[in-house]
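Please read the structure below before turning to the comments.
Nothing in this text is a laboratory measurement; each read-out follows from the coordinates by a stated rule. Note that the structure is a prediction, hence the values are computed from the model and not measured. Note that each Cβ is placed from the backbone with ideal geometry, even for glycine, and that neighbours are counted across all protein chains shown.
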Amino acid sequence: MKVAFDVDGVFTDLENFQLNYGKKFFKDVKEEDINKYEIDIKEIFNCTKDEREKFWIKYIWKYCFMPFEKGFGALTKKLKDEGDDIYIITGRAHTTESGLLGKLFRLMLLHMLKKENIAYDHIFFCSEENSAEEKREICQKNGIEVIIDDKKDNIEFISQVTNVICRDRIYNRDNFEKEVPRVKNTNQIYNEIRKLKYQKTFRKMHHDEIANLTDAEKEVYFQELYNYYQNLPFDDNMYEATEKNYIRLSKCALPLYNFFAEPTVFNRENVPDQNGLLFVSNHNNYYDQFPIISAIGDHRPIHFLTATKMLNMKRGIIYLKTGAVSIDREDKDDREFSKDEVTKLLVHDKNIFIFPEGRTNRGEDFLLPFQPGAVSIAQASKSLIVPMAVNFSSDNKREQIVRFGEPFRVSPLDDVLEVNEELMRKVGLLKQENEKYIESKKVYKKSI
């Protein structure tokens, strides 16, 4: 199959780049006067042509070297491995010019395609002004069977001659004359391409639908679900690189941490000598990760599921470099994408850590209600869940207790909500044991 990709707004997050840097540049524009539903900086901030040029003079280099959105390297490689021909068709500014500036912009784009591991067979540069017409002509001449684009004019024009998948952005949410599928991440793009290739594809079911299946149907469904995750594009090289970073950092930092802290670990023998494990624990504060990593050890890389807001903290770069998976719990599509990414990691024998409470427990309850996502992920990936509890002594914050529980597996016939309640009970018991241990030490100290 011949598959084409636009660059700006598909590989790159043009929408948020213009909004974020536009607010810095056009400081006098009030939030309510920003037109987020436009695609060009001139209309977004209602600026003059000269102001538009000054904005891009200042930020064009930052934009040209901006990292692509996650997963496109793995997606294009997967499509290539399946025998598809990959075309890049872009209307990026200046790339059709014949002078030094045109050559520079083409080289910068080619550099980023290589850096982001984008697999492709052909690349075509279109003029910025006539990209819709030129893209349609290229699609016709080359027999492109589907193109992924974000610009409304391009989508409507090209859809007259071939299949188009719309990379959903705030500026293209008007209704199209012709219905086209909308996608928000690389997994959805891959699934839409598979629909075109094979007409019928696997569909994930909601919990209520699964509950109505017979036991035999559940067995079949969860095997197909496992196969689905195993087949999704997966960037093994990228995650191997982050795991090397994790091990290097752990080997350097843990001896120092263990010297200043006083972590005590119980039942470490409960952790199976294998990978593809899903660790879960209660969540006291932003420092839980340190005793957890110390207890698990520096030989076993862990990919933490962390809130997107954590990436904005000073240590956010460490999360990114060591393979953490971010999640915006307020965004339904991002929650689904993050769940898919975590499940893919487990299916490929990577280790995951999840705090089922979803946020830090600031003492409101002994445990906050567990979200069922961790159990659902374990069921889909056939992974062992390793329950843990982490406690900090109220008298001495350096005194930290980590206790492992017995690992268990979630079968296709198990009810996710029931298992989730049981998981919460197990973690609660581990936490109680830690509290008893801390209290026993206090009593002992007072007696001597």
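Observations
- C-alpha long axis of helix 72-81 to longest principal axis of the chain, angle in °: 80
- Cβ crowding within 10 Å ranks His94, His111, His299 as His299, His111, His94, fewest other Cβ atoms first.
- Fewest-first ranking of Cys166, Cys252, using other Cβ atoms within 10 Å as the exposure measure: Cys252, Cys166
- Principal-axis tilt of helix 49-64 within the chain, Cα atoms, nearest 10 degrees: 50
- Extension gain from Glu51 to Asp33, taking 0.36 nm per residue of separation minus the Cα-Cα distance: 4.8 nm
- Amide H to amide H, with H built 1.01 Å from N, Asp85 comes under 5 Å of Lys2, Val3, counting only residues 5 or more places away or on other chains.
- Under the simplified labelling scheme, the His299-Asn270 pair shows an inter-label distance of 2.1 nm, with each label point 7 Å from Cα along Cα→Cβ.
- Rounded tilt (10° steps) of 236-260 against the dominant C-alpha axis of the chain: 40
- Amide H to amide H, with H built 1.01 Å from N, Gly9 comes under 5 Å of Leu14, counting only residues 5 or more places away or on other chains.
- Residues Asn245 and Ser394, FRET efficiency given R0 of 35 Å [Cβ-Cβ distance, rounded to 0.05]: 0.55
- FRET efficiency estimate (nearest 0.05) - Cβ-Cβ, Phe259 to Lys200, R0 60 angstrom: 0.55
- Length-normalised contact order of the chain in % [C-alpha pairs under 8 Å, at least 6 apart]: 13
- Under-5 Å amide H pairs with Phe304, H placed in peptide plane, nonlocal only: Ala324, Val325, Phe353
- Restricting the calculation to alpha carbons of the range 298-397 gives Rg and Dmax of 14.3, 43 angstrom.
- Beta bridges from DSSP with both residues in the range 236-447: antiparallel share about 30 percent, rounded to the nearest 5.
- Along each principal axis, taking the top coordinate minus the bottom one, the Cα set of the range 236-447 gives 54, 40, 34 Å in descending order.
- All lysines inside 28 Å of Lys178 as judged from Cα atoms, apart from same-chain residues fewer than 8 positions distant: Lys2, Lys36, Lys42, Lys135, Lys141, Lys151, Lys152, Lys195, Lys197, Lys200, Lys204, Lys332
- Efficiency of FRET from Cβ geometry, Glu224 and Asp415, R₀ 22 Å, rounded to 0.05: 0.70
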